[in-house]
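Participant: Let me begin by handing over the structure; questions about it come next.
The values are calculated or read from the model by the stated rules, or taken from the named source; none is laboratory data. Just so it is clear, the structure is predicted and the values come from calculations on it, not from any experiment. When we count neighbours, we look across all protein chains shown, and the Cβ atoms used for this are built from the backbone with ideal geometry, even at glycine. What goes into the accessible areas is simple: the full protein's heavy atoms, side chains included, and nothing from ligands, DNA or RNA. Shrake-Rupley method; radii C 1.70, N 1.55, O 1.52, S 1.80 Å.
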Amino acid sequence: MSRQKDHANLFDDARSRLEDVFEALDVHDDVIERLMQPSLSLQVAVSVRMDDGRLRVFPGWRVQYDTTLGPAKGGIRFHPDVDQLEVTTLSFWMAVKCAVVDLPYGGGKGGVKVDPKQLSRLELERLARGYIRAIADVMGPRRDIPAPDVNTNATVMGWMADEYNHIVRCKEPAAITGKPPALGGSHGRVAATGRGALHVLDQWAKREQRKPEDTTLAIQGFGNAAYHFARLAHERGYRIVALSDSGGAIYSSEGLDPEPIMQQKTQNQRLHDLVYCDESVCIAENVEHLDRDDLLTLDVDVLVLAALEDQVRGDNVDQVKAKALLEIANGPVTSQAEAALDERDVPVLPDVLANTGGVIVSYYEWVQNRTGERWSEETVNERLAERIESQGRRVLERAEAESISYRQAAYRQGIERIAHGILQRGNCQDSE
Ligand code: NAD
């Protein structure tokens, strides 16, 4: 099966979940009509002068799925598998996600089809700046606000923010979030997605009367979001027994401390290649090496999915033994797999709630940039906890009250808010 086909499935999957919500909520036809396709979809060609003098052109996209509740908000992904359908699906999820946690934003997403590992640092910077020049007409602090996603980070956002300032010939820090603090980035943004996911896990564990020290975790995709989640979960007392990255997985029944492991991994190494314990260093004991996808089938309490979409599917869900799943990545469990998990009473804490920490703190960054304020990390973390816990509680309580899954409850909460906005705009509204 080609990746292209996967992304067609991904979008169909997202649409079918949306149709289920329309049916359950009995929404107005206007709302269905508006939400069945994106508001704006821009394809661009990003020209990059390579270090050896050649010119290369990379295809890219920026999609604004819906902007009823505010300007579009969503990250930019650099990955060889990016295509228009993936970006569209991710922008749809952003629209739902922002509404679930009651942010004054619509949903957007961007991406460039490129393998950034093949680029030098200066080539990467030229690509980042070229992408912003290509989409500058449709972005801005009151129109569409990009942020980091897979293979983009604060450094890349810094280059992009600088390029945007040159284009508009003024300082416009609120146009991009996830920037380095020196350029107006918010304290607490780097760890926010992982921190938010931990609040959601904590809330669920508390309702289940489950103590962190009695809860084992296997974490797929030990990158930015997963590292901060793992670090904070370890501090809280959860037992991390397995980690994976694109090169393989590791397991230790005695538990893994994510911090020293990431310290070694940042020297550009894969988990499989690290030295865990020898005469000179011991960062984890009795580490077993597993094939990458074996992590998905471990008998743990919670399987944490923090890599990419489409990881637990109809063809492998029967091998999943975890008692619950937590989605930090966007769309890692397909609807077919979720139906099978539902039959077995295995709950999924869904992406549209569990990974909202990043966009919540991006919102706080935008607020700080627009008001000229600087909040301490403590204030940011407190406000993040307040919002994700109060909106998360509504989702968990609704799921129980209506006997539906956490995802269905989250979608209903988000789509209800968007639908209300669409109808409040009046009968003669233009599309955008
Ligand atoms: P990242 O690039 O820092 O990390 C991704 C990690 O996944 C890497 O370690 C990579 O090696 C690993 N990986 C890739 N394929 C894998 C596979 N098949 N099995 C195991 N590991 C694999 O990206 P990130 O920023 O941490 O984002 C990860 C996911 O979280 C994405 O789906 C992203 O959309 C989502 N997300 C991230 C944020 C954020 O703030 N970073 C916010 C919301 C959602």
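Participant: Counting only residues that are touching a Ser or Thr at 6+ places or on another chain (Cβ under 8 Å) and either among the acidic types (Asp, Glu) or within 11 Å of the ligand (Cβ to nearest atom) (or both), how many does segment 194-217 have?
Facilitator: The total comes to 1.
Participant: Right, next: Determine which single condition Glu338 fails, assuming it passes every other condition in (1) part of a loop (DSSP other than H, G, I, E, B); (2) open to solvent by 10 Å² or more (accessible area, probe 1.4 Å); (3) of a type in the set (D, E, K, R).
Facilitator: (1)
Participant: A follow-up question, please. Residues being outside any helix (DSSP H, G or I) and more than 14 Å from the ligand (Cβ to nearest atom): count how many of those fall in segment 341-360.
Facilitator: Start the filter on segment 341-360 by keeping residues that are outside any helix (DSSP H, G or I), which leaves 344-350, 355-356.
Subset that is more than 14 Å from the ligand (Cβ to nearest atom): 344-348.
Here the count works out to 5.
Participant: Hey, another quick one. For residues that are part of a loop (DSSP other than H, G, I, E, B) and crowded, with 24+ Cβ neighbours inside 10 Å, scanning just segment 222-255, find the one that is nearest to the ligand (Cβ to nearest atom).
Facilitator: Looking at the filtered set, the residue picked out is Phe222.
Participant: Let me ask something else about it. Can you confirm whether segment 362-370 contains a residue that is free of Cβ contacts under 8 Å to residues at least 24 places away in the same chain and not assigned by the TED database to the domain that holds Ser244?
Facilitator: Yes, some residue in segment 362-370 is free of Cβ contacts under 8 Å to residues at least 24 places away in the same chain and not assigned by the TED database to the domain that holds Ser244.
Participant: Something else about it: Mind listing just one residue for me: the one in segment 193-221 that is in contact with a Gly (Cβ under 8 Å, 6 or more places away or on another chain) and among the basic types (Lys, Arg) and, of those, surrounded by the most Cβ atoms within 10 Å (Cβ to Cβ)?
Facilitator: Among those that are in contact with a Gly (Cβ under 8 Å, 6 or more places away or on another chain) and among the basic types (Lys, Arg), it is Arg195.
Participant: Also, I was wondering about something else. Restricting attention to segment 112-125, does a residue exist that is free of Cβ contacts under 8 Å to residues at least 60 places away in the same chain, assigned to a helix (DSSP H, G or I), touching a helix residue (DSSP H, G or I) at 6+ places or on another chain (Cβ under 7 Å) and surrounded by 20 or more Cβ atoms within 10 Å (Cβ to Cβ)?
Facilitator: yes
Participant: Something else about it: Take Leu25 and tell me if it is modelled with pLDDT of 95 or more and farther than 21 Å from Met157 by Cα.
Facilitator: no
Participant: Moving to a separate point now. Hey, among Ala45, Ala95, which residue is assigned to a helix (DSSP H, G or I) and more than 16 Å from Val150 (Cβ to Cβ)?
Facilitator: Of Ala45, Ala95, the one residue that is assigned to a helix (DSSP H, G or I) and more than 16 Å from Val150 (Cβ to Cβ) is Ala95.
Participant: Criterion first (in contact (Cβ under 8 Å) with a residue 40 or more places away in the chain and within 18 Å of Glu416 (Cβ to Cβ)) does His28 satisfy it?
Facilitator: Yes.
Participant: Among the residues of segment 63-76, is any open to solvent by 10 Å² or more (accessible area, probe 1.4 Å) and within 16 Å of the ligand (Cβ to nearest atom)?
Facilitator: Taking segment 63-76 and keeping what is open to solvent by 10 Å² or more (accessible area, probe 1.4 Å), we get 64, 67-71.
From the residues that got through so far, the ones that are within 16 Å of the ligand (Cβ to nearest atom) too are none.
Checking segment 63-76: not a single residue is open to solvent by 10 Å² or more (accessible area, probe 1.4 Å) and within 16 Å of the ligand (Cβ to nearest atom).
Participant: For segment 135-157, how many residues meet the condition of being more than 14 Å from the ligand (Cβ to nearest atom) and either surrounded by fewer than 20 Cβ atoms within 10 Å (Cβ to Cβ) or free of Cβ contacts under 8 Å to residues at least 24 places away in the same chain (or both)?
Facilitator: Adding up the residues that qualify gives 7.
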